[in-house]
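Beneath this line is the structure, given in structure tokens, with notes to follow.
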Amino acid sequence: MIKKILPVFFCLLSASSSLAQDSALLVGKKIITLSEVVVNNKLNVPAFIDRIKNDTTFYKAFRNLRILNYVSINDIRMLNKDGNSQASLYSKIKQIRDSGCRRMEVLEQQSTGDFYTADNQYNYYTAQMYASLFFTKGSVCGEDNIVAGETFNIAGKSGLEKHKEQLKILFFNPGKKISGIPFISNKTSIYDDDMAEVYDMSVDMDEYNKTNCYIFKQKVKKGKENKVVVDEMTTWFDDKTFEVVARNYSLSYDAGVYDFKVQMEVQMTHAGIYLVPALIRYTGNWKAIFKKRERGVFTATLFDFR
């Protein structure tokens, strides 16, 4: 009898030891692995997942840029198939906010290769998109940083404006379906129960830039890559305010007529009471029908907020 009981006892002991290290929780149809420190911290995980799905702090941090003075260093490099630079732009820009309007002053700027066309237009769609998101032409007035009630909508938009709106949805509101992009609109809703079987999800705790954070990580399961657009996303949330402290994305898809592989990294900081992005990194390789393949790397560093 003792010989029969001992193996069972050791199996239970082993399982108990494993559970002491991490634990699995079912939220809807999503199985979420919790580290021991998260379990001990008694995090309300379902409420935490709802916070993630409905988070506005990330988007608001970028909206806060509309109402602040700051300096940005922009380093954009377009690469050839060997990974060497074939065109680049380095600029240092100061945003000036005055009387409800903002404008940008170029402090430094150098370009190489065929970054610009002969008539001084952007020669690369990646650069054009970057400029439309982060550079201001002339004076822009009447803006605010309010996000309540703000929605992204591609209705009535076309060309660059439509693509910019689709990018904003994917960037600021990951998990929402994106209409108007063939083959992938139903593959971006990463928090839906329909997508639960294709992702491994986990919550951990650690320090990031001297801030104690909950870390939510989502990674596509091996063999399920063709079912998703977001391959991996890791977000660091302040454990007290639940503001987004940092986020890393890996996105990819191959639809035949177009393909892309993109990695992005965003780090936040505080300018007084305002959460703002301090560092944005992008590495992308994409090809769309009727457009040449573009390989780009850019880094935006923002500082001297006032």
Subject >> Candidates Glu143, Glu105 - the one that is within 23 Å of Phe303 (Cβ to Cβ) and in contact (Cβ under 8 Å) with a residue 40 or more places away in the chain >> reply: Glu143
Original post:
Considering only strands (runs of 3 or more DSSP E) fully contained in segment 1-110, which possess at least 3 residues that are under 22 Å from the mean Cα position of the chain (by Cα) and at pLDDT 95 or above?
Top reply: 70-79
**OP:** Look through segment 35-80, keep the residues that are β-branched (Val, Ile, Thr) and under 28 Å from Ile190 (Cβ atoms), and return whichever of them is surrounded by the most Cβ atoms within 10 Å (Cβ to Cβ).
**Re:** Val38
Original post:
In segment 225-246, how many residues are within 26 Å of Asp194 (Cβ to Cβ), touching a Ser or Thr at 6+ places or on another chain (Cβ under 6 Å) and crowded, with 21+ Cβ neighbours inside 10 Å?
Top reply: 2
**OP:** Name the residue, out of Glu225, Glu207, that is more than 14 Å from the chain's Cα centre (by Cα) and over 22 Å from Leu275 (Cβ atoms).
**Re:** Glu225
Subject >> Matching residues in segment 280-306 - criterion: being modelled with pLDDT of 95 or more, over 22 Å from Tyr125 (Cα atoms) and not aromatic (Phe, Trp, Tyr) >> reply: Leu302, Asp304
Original post:
Do you know which of the residues in segment 138-162 that are surrounded by 12 or more Cβ atoms within 10 Å (Cβ to Cβ) and at pLDDT 85 or above is farthest from Phe62 (Cα to Cα)?
Top reply: Ser139
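The values are calculated or read from the model by the stated rules, or taken from the named source; none is laboratory data. If you're wondering where the values come from, they're calculated on a predicted model, not measured in any experiment. Neighbour counts are summed over all protein chains in view; Cβ atoms, including those assigned to glycine, are modelled from backbone coordinates with ideal geometry.
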